[in-house]
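Working notes, structure below.
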Amino acid sequence: MPTKAPVKKTKKTAKKPVKKTVKKVTWNDVEIGFKELQKSQDLAWAAIRETQQAHKETEKTLNKAIGDLSNTLGSLVEHILTPGLPQKFKKLGYSFNRIATYKFAEGVYAQIDGMLENGTQAVAVEVKTTLRQMDIDDHLARMEKIRKYADEHGDKRQFMGAMAATITDESTKNYALKKGLFVIEPSGEDVKVTKPETEPRVW
């Protein structure tokens, strides 16, 4: 029976530990890192300043637009609420001898762009650049406030409402008329007043 050749045992060579070299941080490295940090901060502040400037420009533009709109609306009020407006209502059977503006307060706040008045009747006119249904609904609510204020102060006049605008569409105009409001709109260099098909609503 053949004998097995003896297996020689070899010694395992131990792995030498790898020395990790730690880079020494020099003042030059610190200075470079500080400069990089400073550069990042400068860029961040520059971006912030740029954003702030953009906000200022936007605010300036917005304020100008609001100012222009206010001036436009002011001119519109002056144009529509002219001394000739009572004549337009006279053709419809109403006699008004005065146009005034009001701000009702004392818990019943309502600002009126123009009020056509006589001793027994008054028409509260709300002026808008574009006639919208929500503006009509707001004016109807305003008329309720006017009536309440009048009752509290012994004013027995009949109050009616009117919407005036430079831009109207048939649907919205008809909505105002169905609600019993007069509609005032430009007609060439003048204005025209449309009376509701039924009798105007009285508050």
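Key figures
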item	result
Residues located in the stretch 153-172, provided they are small (Gly, Ala, Ser) and at pLDDT below 90	165
Count of residues meeting criterion [under 24 Å from the mean Cα position of the chain (by Cα) and within 16 Å of residue 91 (Cβ to Cβ)] in the stretch 158-184	1
Residue in the stretch 173-183 that is hydrophobic (A, V, I, L, M, F, W, C), more than 17 Å from residue 85 (Cα to Cα), at pLDDT 95 or above and in contact with a strand residue (DSSP E or B) (Cβ under 8 Å, 6 or more places away or on another chain) present	yes
Boolean, residue 150 is at pLDDT below 95, surrounded by 12 or more Cβ atoms within 10 Å (Cβ to Cβ), not aromatic (Phe, Trp, Tyr) and not in a helix (DSSP H, G or I)	no
Subset of the stretch 177-200 [surrounded by fewer than 16 Cβ atoms within 10 Å (Cβ to Cβ) and at positive phi]	188
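The values are calculated or read from the model by the stated rules, or taken from the named source; none is laboratory data. Just so you know, these numbers come straight off a predicted model, no measurement behind them. FYI the Cβ positions are ideal-geometry reconstructions off the backbone, even for glycines, and counts take in every protein chain you see.
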